[in-house]
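Before any comments, here is the structure.
The values are calculated or read from the model by the stated rules, or taken from the named source; none is laboratory data. Model, not experiment: these values are computed from the prediction. No Cβ is skipped: glycine too gets one built from the backbone with ideal geometry, and neighbour counts run over all protein chains shown.
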Amino acid sequence: MREKGLLSCFVKDLREDRSICWVLIAYCFKPRYQAVVLYRLSQWASGCLALWIAKRNLVRNGVDISQSADIGKGLKIEHPVGVVVGRHVRAGERLTLYHGVTLGQKNEQYPVIGNNVTIYQGAMVIGAVHVGDNAVVAPGSIVLCDVPAGVTVGGVPARPLSKPIKESHEARIQ
């Protein structure tokens, strides 16, 4: 899932949010963009520099995303404070995270997140969990089991709140 082109990731991340017209202002002054840029830079860097960039992201924006996490293009972090992503988490394209989301380990196993997934504030996805494409995790949920594609889950522990969507939003538009 990891893209080799750092610049292509930046461009894709920005294109996903059409409300920002001034690229430089967005990346320099908005914490949600700073968090994504610093994460992408930490992936590109190596050794002590990568660690320093990741820690800078934690101090500056309150985001702790391991440079080893594998997140596809189009990452959006709406309110970055308190977001934690573990080192072996894998996520597809267009992942949206809100305030206080944790994607972490249980018994040395990490979650795998599909494409077009939204995880709302305070939710936790823990352990060897697979979250399918186009899924939504409701606020405050704790996901301990797999989430089928196109389903909204919520609660503690998370349970399906909706039936699966048979086709993606993009497929319906075309």
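Residue pairs whose Cβ atoms lie under 6 Å apart, sitting 6 or more positions apart in sequence or on different chains, and linking a residue in the stretch 92-112 that is part of a strand (DSSP E or B) to a partner that is hydroxyl-bearing (Ser, Thr, Tyr) and crowded, with 16+ Cβ neighbours inside 10 Å, are THR96/THR118.
Okay, residues lined up against (1) at pLDDT below 95; (2) hydroxyl-bearing (Ser, Thr, Tyr); (3) more than 24 Å from VAL153 (Cα to Cα):
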| residue | (1), (2), (3) |
| --- | --- |
| PRO31 | yes, no, yes |
| TRP52 | yes, no, yes |
| SER66 | yes, yes, yes |
| GLY72 | yes, no, no |
| ILE77 | yes, no, no |
| GLY82 | yes, no, no |
| TYR110 | no, yes, no |
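Tell me, please, whether a residue that is touching a residue at least 24 places away in the same chain (Cβ under 8 Å) and within 15 Å of the chain's Cα centre (by Cα) can be found in the stretch 43-50. Checked the stretch 43-50: at least one residue is touching a residue at least 24 places away in the same chain (Cβ under 8 Å) and within 15 Å of the chain's Cα centre (by Cα). Here GLY140 fulfils each of the conditions (1) of a type outside the set (Ser, Thr, Tyr); (2) farther than 19 Å from ARG32 by Cβ; (3) surrounded by 19 or more Cβ atoms within 10 Å (Cβ to Cβ) apart from (3).
Being surrounded by fewer than 19 Cβ atoms within 10 Å (Cβ to Cβ) and part of a loop (DSSP other than H, G, I, E, B) is the filter here; which residues of the stretch 67-85 pass it? Hits for the stretch 67-85 are SER68, GLU78, HIS79, VAL81, GLY82.
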